[in-house]
Structures are given as C-alpha cells and as structure tokens.
Amino acid sequence: MSETEQQSESQCVSCGIKVAAMNAAAFDCPECGTEIHRCPTCRKQSNLYECPDCGFRGP
C-alpha cells in the first residue's frame, strides 16, 4: 500500500476520526515502532492514546 493510501485510511487512535487532509500528528510507538496517528483536537486536549499493536499508552 502506498503512503498516500495509508494516509487516506489513517484514523486518530484516540477518537477514531479519519485524519486524511488534517494537520494530524504521525509518529512511531515508543515501544514497538507502529505508526500512530492523532488528530489536532486530541493532541491539543492531551487525550490518552493506546497503540493498537502492543497496547502502550501515552498522553
């Protein structure tokens, strides 16, 4: 799958909304390296997130 296709299917791990064409954060999980996406609202509110692969939790 291309990077563009992955971005269009990406969802915020905190609230579940699609983050394509948003100023979303994309970063690797500190524990397992899985790419995590967060929407601007959840980042601003410091909502907790959980890695879908390893279960790591962060603010």
Requested in this report: For the chain, give the magnitude of the charge dipole about the Cα centre (Cβ charges: +1 Lys/Arg, -1 Asp/Glu; no others), in debye to the nearest 20.
Outcome: 400 debye
Query raised in the report: Regarding the chain, what is the average projected area of its C-alpha convex hull, in nm²?
Result: 3.8 nm²
Report summary line: In nanometres, the difference between 0.36 nm per residue of separation and the alpha-carbon distance of Glu31 and Arg43 is 2.4 nm
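Any read-out appearing in this document is the output of simple, stated calculations on the displayed coordinates, not a laboratory observation. All figures in this text were calculated on a predicted structure; none of them were measured in a lab. Methodologically, a virtual Cβ is constructed for each residue, glycine included, from the backbone with ideal geometry; neighbour enumeration extends over all protein chains shown.
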